[in-house]
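Engineer: Please find one structure pasted underneath; my questions will follow.
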Amino acid sequence: MLLPVGDDNSDRTITPYINYLLIALNILVFIFLQSAGNDLKFTYAYSVVPAEILTGKDFVSMPQIVVDAHTGQQFELPGLQPTPVSVYLTLFTSMFLHGGWAHLSGNMLYLWIFGDNIENRLGHGRYLLFYLLCGVIASLSHVFSTVMHSHNSLLPSLGASGAISGVLGAYLLLYPTRRVHALLLWYIVSVPALLALGLWIFFQVISGMGMLGGEETGGVAYAAHIGGFIAGFLLIKFFDPGKQVTAPEPFIRRRR
């Protein structure tokens, strides 16, 4: 499996402030509001719960004792918490929540590598709207998949993966031949984005087949990844201004 570590940014003409802001918000929310993943009550209050999106009602459930299959240890898992805002707003708040350091780090790595190129192409405002829209569509894809396959609609879903998948879909369409630097075993190789991101979505689809077959998929919302990727791939042409955004030239008063 290829792990992207960088790409060609030689044509970047603007500073990707929005991408930096999104990365900072994700990190700050995880550290300070989620207490580095330890505040499960906050996390469960602002995550997407399919049953809540479908009914518009806020569900609250009792804690339950869960047994770790590997260690046999028991621990208490908090139930669903009251959501202080409209449950529909969790389609946005859940985008800035993560389940752990590995979850956060992986998402931010992909956003750091690929997000700046899309912001450079769309401009700051269009990029932010595009990112959020892809994230919402990704969450709705997860809700739809949960209903279609009769999975537990009270299981919360969270993470920036869906929105970032939209960024990857846009990148694949706009820059299929751009060189992506990736870690392969102990070596750094440069491959076309078509290969790097093509393999990524291929594994998302293959991994999601377990879900389509009614099996567990390790707690990963693959439907959100696939839905976000397709949304980004299709919507980018509606957001793309047709030419790369350039930074405005500084105003200079000239003497006569």
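Please treat every number below as a calculation from the coordinates, not as lab data. Values in this document were obtained by computation on a predicted structure and should not be read as measured data. No Cβ is skipped: glycine too gets one built from the backbone with ideal geometry, and neighbour counts run over all protein chains shown.
Engineer: With angles folded into 0 to 90 degrees, how steeply does helix 222-239 sit against the dominant principal axis of the chain? Use alpha carbons for both and round to 10.
Structural biologist: Roughly 30 degrees between the two axes.
Engineer: Sticking with this structure for a sec: Taking N as the number of residues in the stretch 62-168, what is its Cα Rg relative to 2.2 N^0.38 Å? Walk me through the intermediate numbers first.
Structural biologist: Working: Rg = 16.5 Å, N = 107, 2.2 N^0.38 = 13.0 Å.
It is 1.27.
Engineer: Continuing with the same structure: Sort 121-129, 185-193 by the packing proxy (mean of other Cβ within 10 Å over each peptide's residues), most packed first.
Structural biologist: In decreasing order of mean packing, 121-129, 185-193 become 121-129, 185-193.
Engineer: Here's a follow-up. So what is the diffusion coefficient of the chain in µm² per second by Stokes-Einstein at 25 °C and 0.890 mPa s, using a Kirkwood Rh over Cα pairs?
Structural biologist: 126 µm²/s
Engineer: While we're here: Can you give the helix-only mean residue ellipticity at 222 nm for the chain, where every DSSP H stretch with n ≥ 4 adds -39500 (n - 2.57) and the sum goes over all residues, rounded to the nearest 500 deg cm²/dmol?
Structural biologist: Helices in the chain give a 222 nm mean residue ellipticity of -16000 deg cm²/dmol.
Engineer: Beta carbons within 10 angstrom, averaged per residue: use that to sort the peptides 162-171, 195-204, highest first.
Structural biologist: 162-171, 195-204
Engineer: Could you order the peptides 23-34, 3-14, 150-161 from most to least packed, using the average number of other C-beta atoms within 10 Å per residue?
Structural biologist: Sorting 23-34, 3-14, 150-161 by mean packing, highest first, produces 150-161, 23-34, 3-14.
Engineer: Report the Stokes-Einstein translational diffusion coefficient (µm² s⁻¹, integer) for the stretch 65-123, Rh taken as the Kirkwood radius over Cα pairs, at 20 °C with viscosity 1.002 mPa s.
Structural biologist: For the chosen part, D equals 142 µm²/s.
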